[in-house]
Amino acid sequence: MKRSDFKQLPNFTYYEILLHYFNKGFSRQQAEREIARIPLNWFKKLQKVRTQINKKIRLNCLTEGSHKPRSWHFKAKAGDWHVVGPHNKNKVLQACIDAGFKGIGFYPFWNKPGFHTDTRPGGIKLWKREKNGKYKGLI
């Protein structure tokens, strides 16, 4: 994504995403390189979710983090995030489907319970991570 692409995203700012990476210890150059890898389409989908649920969303993880080597995160096609304030998880999950995400995970046992969304090809995969660390399909 280019910095100018953020003009198409009224619910996100370039500086918000830069700050996300700064908080993870990235230099400005590293952060800009990572932001450039993320497709505008992923943020447009997340913006649709944010608009539909009418709540602020905070990013937890984009292209960085501890994931399996073939993770969609490292392909710059996934993100983990949480909703700020009270919300209905089923409405959020539905908003993710409506926005066009294909991989959607609910993680109720994170420090701040949240969601994984990605733009993998194929049909929708929806899951929940249980307290014991196992994954349970929701469809």
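Just so you know, all these numbers are worked out from the coordinates, no wet-lab data involved. This structure is a prediction, so every number in the text was calculated from the model and none was measured. Here Cβ is always computed from backbone atoms with ideal geometry, including for glycine, and neighbour counts include all displayed protein chains.
What to note about this one:
- The label point for residue 127 and the one for residue 109, both projected 7 Å from the Cα toward the Cβ, are 1.4 nm apart.
- Rounded to the nearest 500, the 222 nm mean residue ellipticity of the chain from helices alone is -10000 deg cm²/dmol, with -39,500 (n - 2.57) taken per DSSP H run of at least 4 residues.
- Computed E for residue 134/residue 15 - FRET, C-beta separation, R0 35 angstrom, nearest 0.05: 0.35
- Phi-based couplings in Hz for region 109-116 (Karplus 6.51, -1.76, 1.60; Gly and Pro marked x): 10, 5, 3, 10, x, x, 9, 10
- 5 angstrom amide H check on residue 24, placed H, neighbours 5+ away: none
- Ranking of 128, 7, 77 by count of other Cβ atoms within 10 Å, fewest first: 7, 128, 77
- Acute angle (nearest 10 degrees) that the helix 14-23 long axis makes with the longest principal axis of the chain, alpha-carbon atoms: 80
- Once the chain from residue 75 to residue 33 is taken as fully extended at 0.36 nm per residue, the excess over their C-alpha distance is 13.8 nm.
- Shape index of the chain: Rg/Rh, with Rg the Cα radius of gyration and Rh the Kirkwood radius from the inverse mean 1/r over Cα pairs, equals 0.94.
- Under the convention that each Lys and Arg Cβ holds +1 and each Asp and Glu Cβ holds -1, the size of the dipole of the chain around its Cα centre is about 280 debye.
- Per residue convex hull volume, Cα atoms of region 47-123, in Å³: 92
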